[in-house]
């Protein structure tokens, strides 16, 4: 189980517990349940690399405590 | 200048009509080349020409959420705000289904509740196929009536949040609308008449088949026949039969398939009986489910072996929760032994919602509701 931090630099900062083999799509659903936006409106980025929905966190090498950028579509 | 609403346009729901589409999507539309090139200076007449060229509907797609031309035209309609007559013309026209959907969408966004129901419900009869662009860029198949249903029942479609409208029964109680008259009502009445005529004939036929293949009369069988007399069942069966008839299946072939199904069900029934932990009640429920399942199978024309394997898998997975995703079902066999050690003899739940740490339990609860596996600790 890892915990990632998502920050949208406008006041929303969420910490989400997830598994390493969750996909980005699952992470978006978890974030959506915490922030209240729709999961398809969320875009997770790491410095211009937009993370795609079907790839797991492990493949993106997202580790425990890592910060991701939260943007909206 | 090109993005300003017509100054003569009235405000919708208290705001600039273009604000019905939210800010981010709106900006994406303004930056779109289709908007800039094709939608500049459109009037109601030229809009019709552009609408006739549409060949798909959809919201935003792709990695950077590009809007479809459908959305650009919706935006354009919001901007110029055509008269209600024009919109109704769009909806009534029969030749161009995408123009119809465009008109329906615009009416859903801007019309008053009773108008929406009045003009959109006739479109339930239109079952032509439309192409829909999915968010990942591929096209998927939809039908006009599915789209209309989405417009009337959900509050989000094509990446645009649809304004809230009153429920139908509210409007009916206010007297603004008449009760809903389904187009299929006439068909149902016809079937009920057919029902009465053919009920006796069919009962005899089925009884003959059963006596061929069943050793004795089990109570379940008698009960089944009672169920069969239930009018609800009648309607379902006749409806199925009619549909099969429409598909030009000979009656003889149907009977053979029926015979095969009965044989299967018999085997399943005896297998079920052997499992002692299931109560008598469950057998009966299972029978009923099995029958409905078999009927469904007949409709779809599935293979015999598939229905059998499905019953087997249903036995095994009977204890699985309905909220579990298919992934979770696969992992279920491996999970319980591990977790029981952790729970120290407590009755463990497969999705870890009763973990000692309340935070983790809460997280697992959310994951279970989303259909994800529990956290691996």
* Structure fact -> Computed on Cα atoms only, the convex hull of region B:67-119 has an orientation-averaged projected area in nm² of 3.5
* Asked: Label points 7 Å out from Cα along the Cβ direction at residue B:354 and residue B:146: separation in nm?
  -> 4.1
* To do: Based on the mean of other Cβ atoms within 10 Å per residue, sort peptides B:8-17, B:100-109, B:367-376 so the most packed one is first.
  => B:100-109, B:367-376, B:8-17
* Asked: Using only the Cα atoms of region B:1-132, what do you get for the radius of gyration and for Dmax, in Å?
  -> 14.2, 41
* Asked: With each label point set 7 Å from Cα along the Cα-Cβ vector, what nm distance links residue B:8 and residue A:52?
  -> 5.0
* Hey, got the Cα dimensions of region A:2-72 along the principal axes, in Å, largest first? -> 27, 23, 21
* Asked: Separation between the residue B:92 and residue A:5 pseudo-spin-labels, each 7 Å from Cα along Cα→Cβ, expressed in nm?
  -> 6.3
* To do: Place the peptides B:184-196, B:63-75, B:81-93 in order of packing, highest mean first, counting for every residue the other Cβ atoms within 10 Å and averaging per peptide.
  => B:63-75, B:81-93, B:184-196
* Asked: What's the center-to-center distance, using Cα atoms, between region B:1-75 and region B:136-185 in Å?
  -> 22
* Does region B:109-173 come out rounded, prolate or oblate by the C-alpha gyration tensor, with a ≥ b ≥ c the root eigenvalues, rounded set by a/c under 1.5 and, if not, prolate when a/b is larger than b/c and oblate if not? -> oblate
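The numbers here are math on the coordinates, done by the rules we state, and not lab data. All values derive from a computational prediction rather than experimental measurement. Virtual Cβ from ideal backbone geometry, glycine too; neighbours counted across all protein chains shown.
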